[in-house]
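Following: one structure in structure tokens, then a few remarks.
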Amino acid sequence: MTVHPIEVPEDNAVFGQTTSAFASFGYSAAVRAHGLLFIAGTIGRRADGTIPDTIEEQTEIAIRKIEEILRLENLDLSALVDVTSYHVDIRQHLPGFVEAKRRLVKAPYPTWTIIGVSGLASPGLLVEIRATAAYPDGASR
């Protein structure tokens with residue numbers, strides 16, 4: 001089995017200084033295996049490392065980071081097949097999350113599981129999104 005980690009360049013404008021988390025915590029942004037791209041949990045931390053106050057902005061940043069990982073692999077959001085999102089104070093923040101998601105993610109829609117949690121890795125984080133994308137049939141990956 002061939003497994004290929006996907007690395008986000010340190011000078012990536014979308015991720016900014018947050019790329020240091022991959023080495024600090026010992027994980028890959030994404031891993032390609034068996035025609036699928038497994039994208040690690042992605043948070044809505046700005047490129048400068050700050051955390052926005054609103055669920056809408058955090059959601060948009062997290063989805064833009066997923067979109068950037070997909071772009072690095074010549075894919076786009078339509079390649080997503082399965083998504084799981086983790087939400088702090090889910091009842092309070094779900095409407096804002098859905099609004100931001102609706103602006104960015106278009107049909108064909110992936111499956112999506114939404115889970116409420118008591119907290120995430122840093123205070124102030126409200127959402128974390130992990131995803132799986134599929135490469136086009138016959139793609140040489």
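Structure summary
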quantity	calculated
So residue 39, is it in contact with a Leu (Cβ under 9 Å, 6 or more places away or on another chain), open to solvent by less than 30 Å² (accessible area, probe 1.4 Å) and more than 15 Å from residue 131 (Cα to Cα)	no
Criterion: open to solvent by 40 Å² or more (accessible area, probe 1.4 Å), without any contact (Cβ under 8 Å) to a residue 24 or more places away in the chain and out of contact with any Asp or Glu (no Cβ under 7 Å at 6 or more places or on another chain) - qualifying residue of 71, 130, 46	71
Residues of segment 108-127 classified as in a loop (DSSP other than H, G, I, E, B), within 21 Å of residue 35 (Cα to Cα) and open to solvent by 60 Å² or more (accessible area, probe 1.4 Å), total	2
Residue match in segment 83-96 (condition: acidic (Asp, Glu) and at pLDDT below 95)	no
All positions within segment 89-101 that are over 14 Å from the mean Cα position of the chain (by Cα) and surrounded by 10 or more Cβ atoms within 10 Å (Cβ to Cβ)	89, 90, 92, 93, 94, 95, 96, 98, 99
Residue list for segment 53-64, filter: under 16 Å from the mean Cα position of the chain (by Cα) and either open to solvent by 20 Å² or more (accessible area, probe 1.4 Å) or more than 15 Å from residue 103 (Cα to Cα) (or both)	56, 57, 60, 61, 64
Only one of 8, 31 that is farther than 14 Å from residue 125 by Cα, among the hydrophobic types (A, V, I, L, M, F, W, C) and modelled with pLDDT under 95	8
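The values are calculated or read from the model by the stated rules, or taken from the named source; none is laboratory data. Bear in mind the structure is a predicted one, so any value in this text is a computation, not a measurement. Every residue, glycine as well, gets a Cβ built from its backbone with ideal geometry; the counts of neighbours run over all protein chains shown. Accessible surface areas use protein heavy atoms only, side chains included; no ligands, DNA or RNA. Shrake-Rupley method; radii C 1.70, N 1.55, O 1.52, S 1.80 Å.
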